[in-house]
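Readers should treat all values here as calculations from the given coordinates under stated rules, not as data from a laboratory. The structure presented is a predicted model; accordingly, all values stated were derived computationally and were not measured. Neighbour counts run over all protein chains shown; Cβ positions are idealised from the backbone, glycine included.
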Amino acid sequence: MSKIKVNEIEKASGSGITVPTGSTFTITDGLAVSSLPTVTVAKGGTNLTSFTAGDLLYATGSTTLAKLPKGTASQTLKMNSGASAPEWATVAAATSDWVKIAQTNITSNTGNVQFINGTGGVVIDSTYRIYKLIGSYRGDTNGAEFLIRVMNSGSSRTSSYLCEAFRTYYSGGDSRANATDRIVRSIGGVQASAGQRGNFEATFFNMSDADHNTTAHLQFCAVDGSGEAENQVNNGISSGVYQTPETHNGIDLAMTSGNVAEAELTLIGLKG
């Protein structure tokens, strides 16, 4: 191999020095970046000389690239209004008139389950016009019963004078509403025998309106879970009212008898 030791190679004529096809020109020592030309897009480069961490490249033309600087935390990439380039955007939180307020799962509970304003993120005030309490459950012993009551200042309203009570029975295929059963002292009730599975929905109106009575609408469906009785379905619809207009800030499910093997209760609200 021959060596030519020179300090500079100068072209003889034309626009540059040509390395013949089939030959290579090897540089064994590095060239300074400042000595290299910026490679164009047409030649496989970017035609850009620097980047910032997080930059994204996108084409603005057939031979032109541009940088899109990184967005901020939790932003998402979308196309701009002119459908010509990508851009970062902050996605608004999903909104709905119906809002899930609280949920609780219980097992073998014979006490009370309460949804009270200000406790565990529960909101029962003028923010919502209507409330729905949705439940699914499975009975463990006969007489497993939810008594649905409204609450004032954190206290369950149980006065028979102030309640137009009703109770709905599932046990033994008997389904009835008894508006004179003041012992219950609730505006609704759900009862199931052992092994029975059921679902119910209670809708409350005027919870935070001191000028109107709080009313409730209850509907349910239960299926006996034993043998051939699996096909036995009990269902019904009932309504109740708390007789004195006042502000109510909670819902109380008093489990007065029997035992519930499991239950899932969800409270949602409709904004006014």
Query raised in the report: By how many nm would the segment from residue 119 to residue 95 lengthen if fully extended, with 0.36 nm per residue of separation less the alpha-carbon distance?
Result: 6.4 nm
Report task. List, in order, the whole-Hz ³J(HN,Hα) value for each residue of region 120-126 obtained from phi through the Karplus relation with A = 6.51, B = -1.76, C = 1.60 and θ = phi - 60°; use x for Gly and Pro. Result -> x, x, 5, 10, 10, 7, 6
Query raised in the report: Can you give the extra length, in nm with one decimal, that the chain gains between residue 210 and residue 58 once fully stretched, where that is 0.36 nm per residue apart less the Cα-Cα distance?
Result: 48.7 nm
Query raised in the report: Straight-line reach from residue 78: which lysines have Cα under 25 Å away, leaving out those fewer than 8 places along the same chain?
Result: 67, 70
Report task. Work out the FRET efficiency for residue 74 and residue 155 from their Cβ-Cβ distance, taking R0 = 51 Å, and round it to the nearest 0.05. Result -> 0.75
Report task. Hey, could you get me the Stokes-Einstein D for region 40-89, Kirkwood radius over alpha-carbon pairs, 4 °C and 1.567 mPa s, rounded to whole µm² s⁻¹? Result -> 108
Query raised in the report: Highest mean first, what order results for 53-61, 12-20 on Cβ atoms within 10 Å?
Result: 53-61, 12-20
**Report entry** By average C-beta atoms within 10 angstrom, highest first, the peptides 199-209, 113-123
**Finding:** 199-209, 113-123
Query - Length added when fully stretched, residue 85-residue 10, from 0.36 nm per residue minus Cα-Cα - result: 22.5 nm
Requested in this report: Mind checking which lysines have their Cα closer than 26 Å to the Cα of residue 11? Skip sequence neighbours fewer than 8 apart in that chain.
Outcome: 3, 43
Query - Candidate lysines - alpha carbon under 17 Å from residue 100, same-chain residues fewer than 8 apart omitted - result: 132, 271
